[in-house]
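Colleague: Here it is, the structure in full.
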Amino acid sequence: MENKGVSFRKYALAAALAPMLALAVPAVASAADSSVDGQSPYANNCASGATTIADKSSDDGSVKIEVRYSGTCGTAWARVQLKNESDVANTTNVDIHRTQGEPTTPQSCSVTDDKSDSLDAYTCYTGIIGTDNAQFVATATVNGTTLTTDPVSAPAQ
């Protein structure tokens with residue numbers, strides 16, 4: 001009889017702890033919807049293994065805007081790269097937003113004068129947007145010229 005009571009207490013404890021353990025898992029680990037919007041792709045480890053699914057460059061190659069995608073996290077974000085330090089102060093807009101799917105607030109970023117050695121460019125990245133049934137467009141306005149990627153959907157998993 002004693003063993004049955006011990007087993008019951010173990011199962012009861014496991015059942016009581018399950019909801020609390022579920023709260024400890026970050027939303028980005030499984031959510032591809034708007035619940036992850038605005039989070040950092042780097043803080044959530046979504047940037048690791050990410051790919052560029054759309055991009056647009058200026059005619060002279062000094063500015064590039066990209067839509068980056070993480071299949072692991074089911075998220076997308078924009079990244080801009082500026083080759084010239086003088087463009088940093090003249091960048092007025094970098095954002096990504098949904099053009100299809102659940103509405104969202106555009107995620108934006110501001111370029112700083114900290115140069116990325118790995119990209120050999122001045123960069124910034126926006127917060128992430130969940131990709132569930134969505135289509136995205138990224139834009140960057142530099143020196144009064146706006147670059148816009150073609151609308152893109154997340155790759156099929």
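Colleague: If amide H atoms are built 1.01 Å from N in the plane of the peptide, which residues on other chains or at least 5 residues away come under 5 Å of the amide H of ARG98?
Modeller: THR104
Colleague: To continue, here is another question. Work out how much length ASP114 to THR72 would gain on full extension: take 0.36 nm times their residue separation and subtract the Cα-Cα distance, in nm to one decimal.
Modeller: Once the chain is fully extended between ASP114 and THR72, it gains 12.3 nm.
Colleague: Would you pull out the residues with amide H under 5 Å of CYS109's amide H, same chain only if 5 or more places away, H placed 1.01 Å from N?
Modeller: Correct list: VAL94.
Colleague: While we're here: Please list 73-84, 126-137, 145-156 highest first by mean number of surrounding beta-carbon atoms within 10 Å per residue.
Modeller: Going by the mean number of other Cβ atoms within 10 Å, highest first, we get 73-84, 126-137, 145-156.
Colleague: Return the ratio Rg/(2.2 N^0.38 Å) for segment 27-153, where Rg is computed over Cα atoms only.
Modeller: The value comes to 0.99.
Colleague: Applying the Karplus parametrisation 6.51 cos²θ - 1.76 cosθ + 1.60 with θ = phi - 60° to the phi angles of segment 140-149, what ³J(HN,Hα) value in whole Hz is obtained for each residue in order, glycine and proline being reported as x?
Modeller: Result, rounded to whole Hz: 9, 10, 10, 6, x, 9, 9, 9, 10, 6.
Computed from the coordinates by the stated procedures, all read-outs in this text should not be read as laboratory data. Predicted model only: the values in this text are computed from it and were never measured. Note that we place each Cβ from the backbone using ideal geometry, even for glycine, and neighbour counts take in every protein chain shown.
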